[in-house]
Amino acid sequence: MNWSFSIGDVRGTQIRVHATFFLLLAWVMAAAWLVDGPGAAIVNVVFIMAVFACVVLHELGHVTMARRFGVRTRDITLLPIGGLARLERIPEDPRQEILIAVAGPAVNIVIWLILTVVLGASFSLNVLQSLEDPGLGFLERLAAVNLLLVLFNMIPAFPMDGGRVFRAGLAMFMERVKATQLAAQAGQVMAFLFGFLGLTSGSPLLILIAIFIFFAAGAESSQAMLRDRAHGARARDAMITSFEALGPEDTMEAAAHAVLRTEQSEFPVVGPDRRFVGMLTRTSILGASEAGRRNAPVSDAVTRDIPEMRLDAPMDEVLDMLASGDAPAVAITDRAGHFLGYITRENIGEWVILSRKLV
């Protein structure tokens with residue numbers, strides 16, 4: 001995810017923090033400082049850090065359960081509104097999806113039990129209404145937040161965990177794409193409710209959550225439809241075969257000319273033996289031109305960690321590969337490593353639309 005950076009790694013899953021997370025910390029500190037002074041500001045910042053530690057543990061619950069079913073998680077990103085774990089794929093078995101979805105809230109229940117039963121933190125509804133009050137007990141507030149995380153995440157609407165449970169339950173009785181559409185629609189209705197509550201109560205955080213839920217639910221529905229229509233297809237069906245390639249010894253100036261005379265967003269870099277070297281994006285070419293690096297070789301700016309697949313690779317696997325990483329494309333090569341073409345997210349979408357029109 002753009003504007004995020006890694007702060008650690010847990011068994012192959014990167015823990016990343018989005019830059020906007022620090023805006024949240026700054027806002028919390030400033031608000032508490034102005035009202036109650038520096039002591040309250042420090043307490044509230046430490047409290048927010050503890051809350052997000054619980055969020056990380058919540059996401060690691062998903063990661064651990066997903067790993068049991070052979071699903072890897074590329075990274076966890078901390079955002080001002082919570083955490084986001086990027087699984088390489090969603091299991092086709094609805095029962096596995098349910099177990100992965102409930103694993104996160106289950107972690108928060110365990111944390112709540114530890115705080116209340118083991119550490120003796122008291123709990124009452126008054127704490128839920130006064131979470132921002134630093135005068136309340138630290139452990140009491142943290143226990144209340146973990147309970148809220150369970151309740152919020154189990155709302156049966158995408159993209160919350162409850163929405164995934166809802167989708168998986170529906171998928172036991174209907175096609176997965178239809179189940180996803182219904183769960184996404186429920187998520188967007190919930191987004192409107194959150195947005196209305198945010199506007200009437202003057203809560204920017206609720207409005208931000210509403211926006212995130214609305215667009216995330218729509219994206220999930222679109223992705224499900226794309227997977228459904230691409231099912232059974234092969235990489236060769238959507239592969240781009242008409243393109244302009246660059247050589248590793250070409251200069252960035254030559255790449256800039258290629259940008260001007262084509263409409264490509266990605267430029268394959270291919271060696272003289274037709275072996276695939278990597279991919280150069282339009283953005284990186286323009287950036288090199290602005291930095292005055294026109295004479296630098298293309299090999300200095302090429303992205304080399306581009307996944308390679310074969311012509312007969314299932315389209316589902318191509319989609320998984322594109323969704324699981326930050327690569328701009330998937331290269332299609334033969335068994336000898338010779339470059340044949342490439343596939344991007346955009347051209348898969350175009351292929352789906354055009355293939356429906358041509359049928």
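The values are calculated or read from the model by the stated rules, or taken from the named source; none is laboratory data. What you see is a predicted model; the values in this text were computed from it and never measured. In this analysis, Cβ positions are derived from the backbone assuming ideal geometry, glycine residues included, and neighbour counts consider all displayed protein chains.
Looking only at the stretch 217-238, filter to residues that are within 17 Å of ALA179 (Cα to Cα) and modelled with pLDDT of 85 or more; which one of those is surrounded by the fewest Cβ atoms within 10 Å (Cβ to Cβ)? Break it down stepwise before answering.
Step one: list which residues in the stretch 217-238 are within 17 Å of ALA179 (Cα to Cα), which gives 217-229, 231.
Next cut, modelled with pLDDT of 85 or more only: 217-218.
Working: ALA217: 26, GLY218: 16.
Only one residue tops the list, namely GLY218.
Can you confirm whether LEU340 is outside any loop (DSSP other than H, G, I, E, B), closer than 26 Å to ARG227 by Cβ and in contact with an Asp or Glu (Cβ under 8 Å, 6 or more places away or on another chain)? So that I can check it myself, show each step before the final result.
On the way: outside any loop (DSSP other than H, G, I, E, B): yes; closer than 26 Å to ARG227 by Cβ: yes; in contact with an Asp or Glu (Cβ under 8 Å, 6 or more places away or on another chain): yes.
Yes: the conditions hold for LEU340.
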Which of the residues that make up the stretch 311-334 are at pLDDT 85 or above and exposed (fewer than 14 other Cβ atoms within 10 Å of the Cβ)? ASP312, ASP334
Can you pull out every residue in the stretch 60-118 that is closer than 20 Å to ALA171 by Cβ, part of a helix (DSSP H, G or I) and of a type in the set (D, E, K, R)? ARG68, ARG95, GLU97
Tabulated pairs, the stretch 341-352, first of a type in the set (Gly, Ala, Ser), second modelled with pLDDT under 85, C-beta under 9 angstrom, 6+ apart or interchain: GLY349/SER222; GLY349/LEU226
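This table checks each residue for (1) at pLDDT 85 or above; (2) outside the structural domain of PHE52 (by TED's automatic domain parsing); (3) of a type in the set (Val, Ile, Thr).
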{"residue": "GLU97", "(1), (2), (3)": "yes, no, no"}
{"residue": "ALA106", "(1), (2), (3)": "yes, no, no"}
{"residue": "TRP112", "(1), (2), (3)": "yes, no, no"}
{"residue": "THR116", "(1), (2), (3)": "yes, no, yes"}
{"residue": "LEU119", "(1), (2), (3)": "no, no, no"}
{"residue": "GLY135", "(1), (2), (3)": "no, no, no"}
{"residue": "ALA143", "(1), (2), (3)": "yes, no, no"}
{"residue": "ILE155", "(1), (2), (3)": "yes, no, yes"}
{"residue": "ARG167", "(1), (2), (3)": "yes, no, no"}
Filter the stretch 172-195 for residues that are under 21 Å from MET154 (Cβ atoms) and outside any helix (DSSP H, G or I); which is nearest to the chain's Cα centre (by Cα)? MET172
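For the stretch 196-251, how many residues are part of a loop (DSSP other than H, G, I, E, B) and not hydroxyl-bearing (Ser, Thr, Tyr)?
Here is the first cut: in the stretch 196-251, the residues part of a loop (DSSP other than H, G, I, E, B) are 202-203, 231-233, 239, 241-245, 247-250.
Going one step further and asking which of them are not hydroxyl-bearing (Ser, Thr, Tyr), we end up with 202, 231-233, 239, 243-245, 247-250.
Residues that pass the stated criteria total 12.
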If we keep only residues of the stretch 91-120 that are within 17 Å of the chain's Cα centre (by Cα) and free of Cβ contacts under 8 Å to residues at least 60 places away in the same chain, then the residue nearest to ARG227 (Cα to Cα) is PRO91
In the same structural domain as ASN347 (by TED's automatic domain parsing), free of Cβ contacts under 8 Å to residues at least 24 places away in the same chain and surrounded by fewer than 18 Cβ atoms within 10 Å (Cβ to Cβ), is that true of GLU263? yes
Of the residues in the stretch 233-284, those that are within 26 Å of the chain's Cα centre (by Cα) and over 26 Å from GLU317 (Cα atoms) come to THR283, SER284
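Regarding VAL127, is this residue modelled with pLDDT of 85 or more and either among the β-branched types (Val, Ile, Thr) or assigned by TED's automatic domain parsing to the domain that holds VAL28 (or both)? Steps first, answer last, please.
Details: modelled with pLDDT of 85 or more: no; either among the β-branched types (Val, Ile, Thr) or assigned by TED's automatic domain parsing to the domain that holds VAL28 (or both): yes.
In short, no.
If you take the residues of the stretch 289-310 that are within 28 Å of the chain's Cα centre (by Cα) and assigned to a strand (DSSP E or B), which of them is surrounded by the most Cβ atoms within 10 Å (Cβ to Cβ)? Explain how you work it out, then say what you get.
First, the residues of the stretch 289-310 that are within 28 Å of the chain's Cα centre (by Cα): 301-310.
Within this subset, residues satisfying the condition of being assigned to a strand (DSSP E or B) are 303, 308-309.
Details: THR303: 17, GLU308: 14, MET309: 19.
It comes out as MET309.
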Per the list (1) over 20 Å from TRP112 (Cα atoms); (2) surrounded by fewer than 16 Cβ atoms within 10 Å (Cβ to Cβ), residue check on ALA50 breaks on (1)
